[in-house]
Every structure is written in C-alpha cells, then in structure tokens.
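Enquirer: Below are the structure tokens for one structure; questions will follow.
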Amino acid sequence: MAYYAHFASDGFQSAAAEPSRRYTEVNRTLQGPREDTQEDNVIYVNEVCMQMDQLMSKCEDHEDLLVLLVTHRGVMYLHNLVTAMNMLQAFAERDRARTRQPDADDLFAGYQEVFGDDVAPPKAEYAAGNGEVENRMNGIHQAKAAKEATEQLGRPQELTLTGDIDGLTETQQNILKKAKEEVLVHFENPANRHYLKCRQHSMPVADVIVRDERFDLLLHDIYENRNKLDVESACQIIIALDALQYKYFRLYNGILRHLMRIPLHDSYPSTAKEKGKLLLKACQCYVRAGFYDSPLYSKVCREIYRQPIEGATNEIDPESLVETLKLFAKVDVYDPVVFSAAAARLMHTPLTANDLSHVAAAYAAHNNYTKTHDEVMIWAANQIQKRTNEFTTLELARCVNAFAGMRLFFPPVYNTLVQRLIDDLEMAGNSYVKMQLTIPQMSVIVHHLANFAPDEHTTQSLIHNFMAYLEEYIDLVDEKCAINLAFAVCATNTHVANPYLLSFLLRIIGKGTEWEQCKYRVFAIWLFHVINFPEISANMPKRCITSGMREWMLRHGNGTQFTAELKDIADILQKDLGLKNITETDTTAKGNEVIEGREASDAVTAISSIDISIEDIKHKIVINENSCRNDTQKPIGVDLVIQNLLRSTGAKVHSVNFQHWLSMNRTEKEQFLRDVLSLS
C-alpha cells in the first residue's frame, strides 16, 4: 500500500522519503515499567502519531472523525487507525444509549431545549405562594400549550402555519409566535448543535457509519496492514466491527488468519489476564459473525488455561472460567483439553447460580457422554440441591435442559423445578401476568419433565396447569411448541386434560417445516392419538403421516434392528429361566400391509416384542433405543410412547435398553431378567 511501509531499521521515519507508515505499538508499560528496561516507558514512538490521536480525540461526532480520516490520511499511522475504530465504536454505543422520543415530540423537545426543563416544583414551595414558583409553573403551562400548538401544526387539513390561526387562544398564539422566531430556527439549520441533540428519530449512528464510503476506506487501510497488528489491536478492531454490527468478512478472515499465526502468550503477569479477557471478547464477536468451527477458540482457551507463569496467581478467575465454557457452548468446535482443565477447577471455584447454570449448559452442548462431563453434571445437581433458593426459575430450567440433553435424571432437581413452575402458573393465572419463561421455553421444559418423569403426579398437574395457561396465549404457540406439548400429553397419558387445546395443537403440527426434523416422533404422536383418543376429530396433514410411516417401518416390522437381541432374550427365558409360555411377535410381511392400509392397529402389532404369560398376567419385553443413562429401565423419547401404546393393550411392559443388554454377559443377563420379571 502506498500509504504504509514497514519499520525502518533505525526506528525513525525518513524525512526525505515518501510518507512512510509504521505500526506504532502501545507498550505494555501502561500497566507499569518492565524490570529489565526503563526505555519503554513511552506510549508513542513518533510525535506525529501522538498528535494525530490528540486531534482525533477532539472530534465531537462521527462526521468530524470521518472527515479527518480523509484529510489527514497521508500522515495516519496504523495505531491511529485502530484509535479511529475505537472512537467510531464509542460514537455508536453512545447513540444507542440515548433515549429516543416519537417524531410527534420533536418540536416540543426543541422548545424545551431552548426555554429550559419543565420540572415540577416541590409541593411545599407551591403552597408557600412563592412568586418565582408560580412564574415557573406558568412557563410549564405555556410549554404544554406549545406542544398542543405544534401537534395542530402537524395536521395541515385542520391548521397550518400559513393558514388561519383565529381558532387558537391568545396564549397559544403567543407561543406559536415564539416557536416561529426561536424554535423553528433549529430545524432550518441542520448544523445547529441544539437540533442535532434534539433530533429524535434519525438513522442510528452505526448505520450511518457503515454506509459511508470513508469508512470503507478506513477498513481497506486496516486490511492492507493487518499483518502488522498486535494481539490487542486486532481484538479491538474485531470488537469495534461487532459493535457497529458490520460483518466485513474480508477483514474478519484476514485478522483470523493473522491471530492463528502469531503467538498469544504474554509473559507479563500484569497484562496476561486483561489480554485473555480481550481475546475472549474477540472470540465471542467471531461467534456472532457466524464462525462456528474456527480453531481460534481452542488456541485462545488453551492459552488461558495454560499453567500460570511465575509471579501470577495459581487460580483462574471465575469470570474467565465461565466465559470460556459459554464460548464453547455456542460453537461446533469441541476441545477435550479445555473441558478437562475447566472441570478440574470447577470444584474449587465459587460460582453464582447463574454461572453454574451456564456451566451445565456448556457441558451438555456437545452431547459428549464421557466421565468428565457426567461428573460435572452430578456436581451441578448436588449444588442445586444445596442452594435451591439461590436459583431462579430460568436458571433451574436451564440446568434441567442440560441434564435432559445428557439423558440424566436427578429426581430432586426435576421435582424442584416442577413445583416451582406449578406455583408460577397458579400465580400467573390468578394475577393475569406472564411467566418468567416464554411459551417456547416452557414447552421444551414440559417436554423434558414429561419425558423423564411421566408417572409423577406433579408432572401431570403441571401439564394441566400449563394447558389452562396457554388458553390466554394461544396465538404464541408455534409448530415446535405444539409438537413438544403433544408429545408430553402422550408420554403422561393426560389427553383428557384439555381436549379443545389438544385438538388445536394437532392442527398446528404440519403447518410449517418443523415436523420434518422429527418425523418418527410425529408419527408416534399420531398413532397414540388414533388409538387412545380417537374422539378428537382434529388430525395432522396426510404428508406428515405418510413420511412418518416410512420412518416407523425402518425401525419396526420387517425393518426391526433388534432381532438378535430378542432371540437372545427368548433363549435365556426358555433355557435358563424355564419359562414356557413365550411368544415372539411375528412381524413378517407386516410392512406392506401397514403401508397400503395405513391401519394404526397394524402399526402397533409391527412393534417387535416378546410376549410372556406368567400366572395369567401378560408381559411384554421390548428393546428400546433411548433410555435414561443413570436408569436404563426408564425409556425416553418415542420408546416411552411405544411403552404407553403397548400398555393400552392391557399388558405389563418391560423395556430393555439394547446398549445395556449388549454390555452384560449371559449370567448378568439372566439375573437382569429375573429382576425385571420379579422371578425368584
């Protein structure tokens, strides 16, 4: 680039050469001088760079700064460009922090800017008959009259500035005259600072900046010199782009490659912690920009968890610990080193209830069923039991969502959340207020609670109360919520709770595209509906049933995948346990019948199972794909609905997880079947 050059060997800029640019580094001595040298105690290596920063600091708005970037481009250093990005970020954040008023109040706001604030006086002063107070109150009434007058100005069919003003009172005419002479001048001169301050409904500053071609020139200059940036400056640029909500991927990718090449290690304890936090903020900006699989996250977090250097503290601060885990909860990258290092520190780090809920969500985000992740989940559940009152409903829901994602069931935690939700629903129903959780969040939590504790009385009571609550917010129920709630009803057999709302949920399923991600579950819901509560006339679209039938027959009937396990169970029951009344379900050629006739009864009989008659009691043994990991005899998901379907035939159903079955030897399998069937 013509405007920028590399460092000169002597460290100074040549006066005779063309305007060369060098990267001026902000030294780490901002935190204090180094012990090995006393020469690095200045910030700027060139006086011109310092003067440019001073000149930019005098800019009052983004327009002044953008003008300066063009007029003084020839003497800009790379450090000055980083400063400009930080200032533009500050201008945008300051604009967002301002309180905006409607357009109708613009003129009145300008009037207040000129004539002062209309602050009501204390009652004591007003009662004392203070003349100055009375004058101020008269001013307030005049200001209100001015507002009324300006509102009439906005209705040209009734009254305009050039029209007849005989309809106004004498006071309103005086106020209108003042407005013409003193207030409207602010709208005639856009450069007036009062006008700029009172402007209420213009384009946000961030949008103005990113649409300006001078800002593109600034980004171009930074991109051309991206390889000269140090870690702090690179992070500041990414953070500024995120604050401006401008995804300039060319610069994002350029700085990302640069950060992957340069070392991130900081050998100075005074700045290592702040540098780590800055890198974490930059990584979060990359996540918001859509970089979900970048190796930068592992590099940054490993550097933070690296063994502390001499002179630094031996413990990582809780904020950095939680932020690293929250970062990995949002990305596709999984680093076992980071999660193992964090798990070793979690037990000894004081965490708030909110932080603990985020930690649980992070360890469940990647569905990694390792011992390290399970230990963290058990520790989190124990913390919840000890500190129940510290957790809000939202934090408890976040933890239960994490436990459900890991297929773990902790009854005390689940029961605590159920009771908390029942109390909140009753309070919301009595006072007509919304709950802390949104409708989609509630539908997910109700789905999890029904999935892991379907037979609990409190779970069924929760579904009853939530159905009644939904009647007030029925318009907020989308297709995903309908699928979750319909599954919860099927899992808990609470279809008699609210038939009207249940029919509404069934009609919603299939209206969008959410059902395509869970065809197998949607078909199980339809099957349960047809068999157990056919009186509800509402039905799903035919395309949902047809596609779901294909998914169903890939797992049952001729497509069953557990034939070997079922034969193994039958062999042990007959040879080792001596049971005679054993019948294996014949699913041969069931597939074509179900596809052609689409009969619900055929779909149920297509489920592979073993029928046993013990003391005139009919037992059924089925193999399940999914079960609770800390209670393998508790089926979850569609296997739970299948268990309810078979129970509706009058049989006593026993569900065996195929992974647990394969992990046992024959002796253990025999004892397992004895325990399941309660045989002596």
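The values are calculated or read from the model by the stated rules, or taken from the named source; none is laboratory data. The shown structure was predicted, so the numbers you read here are calculated from the model rather than taken from an experiment. Heads up, the Cβs are rebuilt from the backbone with ideal geometry, glycines too, and the neighbour counts pull from every protein chain shown.
Enquirer: Here's a check for you: in the stretch 457-475, which residue that is aromatic (Phe, Trp, Tyr) and surrounded by 17 or more Cβ atoms within 10 Å (Cβ to Cβ) is farthest from ILE636 (Cα to Cα)?
Expert: Per the stated criteria, the residue is TYR469.
Enquirer: Spot the failing condition for ASP95; the list is (1) crowded, with 19+ Cβ neighbours inside 10 Å; (2) at pLDDT 90 or above; (3) closer than 21 Å to ILE238 by Cα; (4) not hydroxyl-bearing (Ser, Thr, Tyr), and only one is missed.
Expert: Exception for ASP95: condition (2).
Enquirer: Is it fair to say MET540 is in a helix (DSSP H, G or I) and more than 25 Å from LEU677 (Cα to Cα)?
Expert: Taking the combined requirement at face value, the residue does not satisfy it.
Enquirer: Can you pull out the helices (runs of 4 or more DSSP H) entirely within the stretch 207-266 that have at least 2 residues that are loosely packed, with under 14 Cβ neighbours inside 10 Å?
Expert: 213-224, 249-261
Enquirer: With respect to VAL359, determine if the residue is buried (at least 22 other Cβ atoms within 10 Å of the Cβ), out of contact with any Pro (no Cβ under 7 Å at 6 or more places or on another chain) and not hydroxyl-bearing (Ser, Thr, Tyr).
Expert: Taking the combined requirement at face value, the residue satisfies it.
Enquirer: Go through the stretch 512-537 and count every residue that is part of a helix (DSSP H, G or I), among the β-branched types (Val, Ile, Thr) and within 33 Å of the chain's Cα centre (by Cα).
Expert: Final tally of qualifying residues: 2.
Enquirer: Taking ALA497 as meeting all but one of (1) surrounded by 20 or more Cβ atoms within 10 Å (Cβ to Cβ); (2) in a loop (DSSP other than H, G, I, E, B); (3) not aromatic (Phe, Trp, Tyr), write down the number of the exception.
Expert: All conditions pass for ALA497, except number (1).
Enquirer: Let me ask something else. Kindly check whether there is at least one residue in the stretch 367-379 that is closer than 29 Å to MET427 by Cβ, surrounded by 20 or more Cβ atoms within 10 Å (Cβ to Cβ) and touching a helix residue (DSSP H, G or I) at 6+ places or on another chain (Cβ under 9 Å).
Expert: Checked against the condition, which is being closer than 29 Å to MET427 by Cβ, surrounded by 20 or more Cβ atoms within 10 Å (Cβ to Cβ) and touching a helix residue (DSSP H, G or I) at 6+ places or on another chain (Cβ under 9 Å), the stretch 367-379 yields no hits at all.
Enquirer: Here is a follow-up. Identify the single condition in (1) among the small types (Gly, Ala, Ser); (2) part of a helix (DSSP H, G or I); (3) buried (at least 17 other Cβ atoms within 10 Å of the Cβ); (4) modelled with pLDDT under 95 that SER294 does not satisfy, given that it satisfies every other one.
Expert: Exception for SER294: condition (2).
Enquirer: Identify, by number, the condition in (1) within 25 Å of ARG211 (Cβ to Cβ); (2) at pLDDT below 95; (3) of a type in the set (Gly, Ala, Ser) that GLY311 doesn't meet.
Expert: Every listed condition holds for GLY311 apart from (1).
Enquirer: Next question, about the same structure. Restricting attention to the stretch 342-349, does a residue exist that is in a helix (DSSP H, G or I), touching a helix residue (DSSP H, G or I) at 6+ places or on another chain (Cβ under 7 Å) and within 20 Å of PRO412 (Cα to Cα)?
Expert: So far as the stretch 342-349 goes, no, none of its residues is in a helix (DSSP H, G or I), touching a helix residue (DSSP H, G or I) at 6+ places or on another chain (Cβ under 7 Å) and within 20 Å of PRO412 (Cα to Cα).
Enquirer: For the stretch 493-507, state whether one or more residues are within 24 Å of the chain's Cα centre (by Cα) and either without any contact (Cβ under 8 Å) to a residue 12 or more places away in the chain or in the same structural domain as LYS542 (by TED's automatic domain parsing) (or both).
Expert: no
Enquirer: Given the condition crowded, with 17+ Cβ neighbours inside 10 Å, charged (D, E, K, R), part of a helix (DSSP H, G or I) and out of contact with any strand residue (DSSP E or B) (no Cβ under 9 Å at 6 or more places or on another chain), answer yes or no: does some residue in the stretch 438-456 qualify?
Expert: no
Enquirer: List, please: which pairs have Cβ atoms under 9 Å, are six or more places apart or on different chains, and start with a residue in the stretch 536-563 that is more than 21 Å from SER609 (Cβ to Cβ) and assigned by TED's automatic domain parsing to the domain that holds TRP526 and end with one that is assigned to a helix (DSSP H, G or I) and among the acidic types (Asp, Glu)?
Expert: CYS544/GLU516; SER547/GLU516
Every residue, every condition in (1) acidic (Asp, Glu); (2) more than 44 Å from the chain's Cα centre (by Cα); (3) over 21 Å from LEU65 (Cβ atoms); (4) at pLDDT below 75, yes or no:
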{"residue": "ALA145", "(1), (2), (3), (4)": "no, yes, yes, yes"}
{"residue": "LYS177", "(1), (2), (3), (4)": "no, yes, yes, yes"}
{"residue": "GLU188", "(1), (2), (3), (4)": "yes, yes, yes, yes"}
{"residue": "TYR195", "(1), (2), (3), (4)": "no, no, no, yes"}
{"residue": "ARG214", "(1), (2), (3), (4)": "no, no, no, no"}
{"residue": "LEU218", "(1), (2), (3), (4)": "no, no, no, no"}
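Enquirer: Sticking with this one: For VAL489, indicate whether it is part of a helix (DSSP H, G or I) and of a type outside the set (Asp, Glu).
Expert: Yes, satisfied.
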